[in-house]
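Below is one structure, written out as structure tokens; the observations come after it.
The values are calculated or read from the model by the stated rules, or taken from the named source; none is laboratory data. Since this is a predicted model, take the numbers as computed values, not measurements. Glycine gets a Cβ as well: all are built from the backbone with ideal geometry, and neighbour counts include every protein chain shown.
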Amino acid sequence: MRVADRRPAEFECEYHEIDVTQPFSNTGTVFRDAIAVVFALPENVAVNSIPWVTKYVSAEVVFIPTCSVQGPFYKAMKAATPHQQFVGVNPMFSPKLSVQGRTVAVCVESTEAAQSFIERHLLGAGMKIRRMTPTAHDELMALCQTLPHAAILGFGMALAKSSVDLDLVAEVMPPPMRTMMALLSRILVNPPEVYWDIQLENDQASFQREVLIHGLEQLQENIAEQDYERFKNDLQNVSKTLGKRLNTGAVDCQHLFSLLN
């Protein structure tokens, strides 16, 4: 394995100190005999590095972006090198967690295509894979990542404006508050560019934030007008949307709250 980065890797490998946004000349040796190039970079950096990489590799080399949003990279790659092999990989879990049994979203041009070597490797390591096109991936991630992250970040911004002593909050907070604090803290200990890219780069992100804002506005109206019936109907509509997942979700929450006790 060869790594090109501005700082050395944390594992043993052949390391090349290169800023991929401004690569110097004669860097072709980085790609000698390569069968795949993994773009473990923020979305805009990954996209901007495509012209550099395509100068040194053939169309048979597989491009593997690990971006949280896959559409922009895929479109830029197709514009630069239409026949390039492509398999996008987006783990649906933090790298700090065990990989066993966890799902990885795999982006391919055709979900009917033969299984790639990276998919076989992921399966062999104990992970699950779910294939989808880059467009379908980004639509799904807008719901699964952009929406919950936006809700958590909004909670954090509201928390920062509170005058209540957080030591007192920590002493008495019930499990839902503790869960939200844990989710917020998880985001804050990670690099902010990860969450910025999730909000900025996904074409569907703005829609999900608008829906979230509308939901809060609707709740505000229900309370301001003391309209309990509409409030109850709104909750019933959400319950119908969840369907059979309502009970399994409640069980998951019970397990989570038990762990936080």
| request: With the checklist (1) more than 22 Å from the chain's Cα centre (by Cα); (2) within 30 Å of K128 (Cα to Cα); (3) not in a loop (DSSP other than H, G, I, E, B) in hand, flag the one item H83 doesn't pass. | output: (3)
| task | Write out, first by first residue and then by second, each pair whose Cβ atoms fall under 7 Å of each other, whose residues are 6+ apart or on separate chains, and whose first residue, in segment 146-175, is within 30 Å of F207 (Cα to Cα) while the second is among the hydroxyl-bearing types (S, T, Y) and assigned to a helix (DSSP H, G or I). | result | H149/Y195
| note | In segment 231-260, residues that are assigned to a helix (DSSP H, G or I) and either assigned by TED's automatic domain parsing to the domain that holds T179 or in contact with a Pro (Cβ under 7 Å, 6 or more places away or on another chain) (or both) total 1
| query | Is it the case that some residue within segment 74-81 is crowded, with 18+ Cβ neighbours inside 10 Å, in contact with a strand residue (DSSP E or B) (Cβ under 8 Å, 6 or more places away or on another chain) and in contact (Cβ under 8 Å) with a residue 12 or more places away in the chain? | reply | yes
| query | Mind checking whether some residue in segment 98-113 is among the basic types (K, R), farther than 24 Å from A205 by Cα, in a loop (DSSP other than H, G, I, E, B) and touching a strand residue (DSSP E or B) at 6+ places or on another chain (Cβ under 9 Å)? | reply | yes
| message | Looking at R6, R2, can you tell me which residue is surrounded by 14 or more Cβ atoms within 10 Å (Cβ to Cβ) and in contact with an Asp or Glu (Cβ under 9 Å, 6 or more places away or on another chain)? | response | R2
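From the list A136, A105, which one is closer than 20 Å to E43 by Cβ, touching a Lys or Arg at 6+ places or on another chain (Cβ under 6 Å) and without any contact (Cβ under 8 Å) to a residue 60 or more places away in the chain?
Of the residues listed, the single one that is closer than 20 Å to E43 by Cβ, touching a Lys or Arg at 6+ places or on another chain (Cβ under 6 Å) and without any contact (Cβ under 8 Å) to a residue 60 or more places away in the chain is A105.
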| query | Which one of these is of a type outside the set (F, W, Y), within 25 Å of L153 (Cβ to Cβ), not assigned by TED's automatic domain parsing to the domain that holds S94 and not in a helix (DSSP H, G or I): N190, N222? | reply | N190
| query | Out of segment 25-39, which residues are modelled with pLDDT under 95 and exposed (fewer than 15 other Cβ atoms within 10 Å of the Cβ)? | reply | S25, N26, G28, T29, R32, D33
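Kindly provide the set of residues from segment 201-245 that are within 30 Å of P72 (Cα to Cα) and either surrounded by 15 or more Cβ atoms within 10 Å (Cβ to Cβ) or in contact with a helix residue (DSSP H, G or I) (Cβ under 6 Å, 6 or more places away or on another chain) (or both), ordered by number.
Hits for segment 201-245 are E201, N202, Q204, A205, F207, Q208, R209, L212.
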| said: As an exercise: evaluate A125 against (1) modelled with pLDDT of 95 or more; (2) touching a strand residue (DSSP E or B) at 6+ places or on another chain (Cβ under 6 Å); (3) of a type outside the set (D, E) and give the number of the one condition it does not meet. | reply: (2)
| When you look at F63, is it modelled with pLDDT of 95 or more and part of a helix (DSSP H, G or I), yes or no? | no
| query | In the set L168, L184, which member is among the aliphatic types (A, V, I, L, M), at pLDDT 95 or above, surrounded by 14 or more Cβ atoms within 10 Å (Cβ to Cβ) and in a helix (DSSP H, G or I)? | reply | L184
| Some residue of segment 32-41 being in a helix (DSSP H, G or I) and not assigned by TED's automatic domain parsing to the domain that holds D197 | no
